[in-house]
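Enquirer: The structure's right below; bear with me while I get my questions together.
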Amino acid sequence: MTRETSWRTDTAMEGEEHDIVLACVISGTLFALLGSSSFSILWAVNWRPWRLYSWIFARKWPDIFQGPQLGVICGALTLFAWTVVVSPLMVLVAWGSWLLVVLERDLIGLAVIMAGSALLLAFYAIMLWWRTQWQSSNTIRKLYGALSFHTSWFLGISPGGVGDSSQWILHSKIRRLLF
């Protein structure tokens, strides 16, 4: 390798590292901000996002907003709230896609997309189950079953009980907690 070729390779590596850091800083910051906003909104509606409209409508609105315009205002605020609630998932997909492009490798970008989405949805499902106690436990069990299969498949953990890795022990503890 000549000195000029070595210099070009080093410069390309530094540019790639800069792109990776930039992707992680921007996406991580967006995920932290939007994730906490999503958490706050979901906490306010007791982890039932389908109640956003009624929760917004039930606030005490000034007399100037009463009437037909209140439905439009509540609809716009509900759309905004749904956007904030779903945004952490979109940030994970964008982050993983950005890493796919920058690194030109599928594994790391797909790990961010698949594992990040599965863990975030599992967290939402557990919080919904916790806040509703046993009101909708069958729905949560089905959602958990789908998410645990997805996560188990991604991590290479056998959902049939074979294997004794630390991930499988954690998986078993979560199952015992929910069931």
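Enquirer: Tally the residues that are under 19 Å from VAL21 (Cα atoms) and either surrounded by fewer than 19 Cβ atoms within 10 Å (Cβ to Cβ) or over 11 Å from the mean Cα position of the chain (by Cα) (or both), restricting the search to segment 80-96.
Expert: Counting residues in segment 80-96 that are under 19 Å from VAL21 (Cα atoms) and either surrounded by fewer than 19 Cβ atoms within 10 Å (Cβ to Cβ) or over 11 Å from the mean Cα position of the chain (by Cα) (or both) gives 4.
Enquirer: Could you please let me know if LEU22 is more than 27 Å from MET127 (Cβ to Cβ), exposed (fewer than 13 other Cβ atoms within 10 Å of the Cβ) and either of a type in the set (A, V, I, L, M) or at pLDDT 85 or above (or both)?
Expert: yes
Enquirer: Another question, then. I want to confirm something. Restricting to segment 56-83 and keeping residues that are of a type in the set (Phe, Trp, Tyr) and in contact with a helix residue (DSSP H, G or I) (Cβ under 7 Å, 6 or more places away or on another chain), which single residue is farthest from ARG131 (Cα to Cα)?
Expert: PHE65
Every residue, every condition in (1) at pLDDT 90 or above; (2) loosely packed, with under 13 Cβ neighbours inside 10 Å, yes or no:
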{"site": "MET1", "(1), (2)": "no, yes"}
{"site": "LEU33", "(1), (2)": "yes, no"}
{"site": "ARG51", "(1), (2)": "no, no"}
{"site": "ALA58", "(1), (2)": "no, yes"}
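The values are calculated or read from the model by the stated rules, or taken from the named source; none is laboratory data. Just so it is clear, the model here is predicted, and its values are computed rather than measured. Cβ sites come from the backbone with ideal geometry, for glycine too, and all protein chains shown count toward neighbours.
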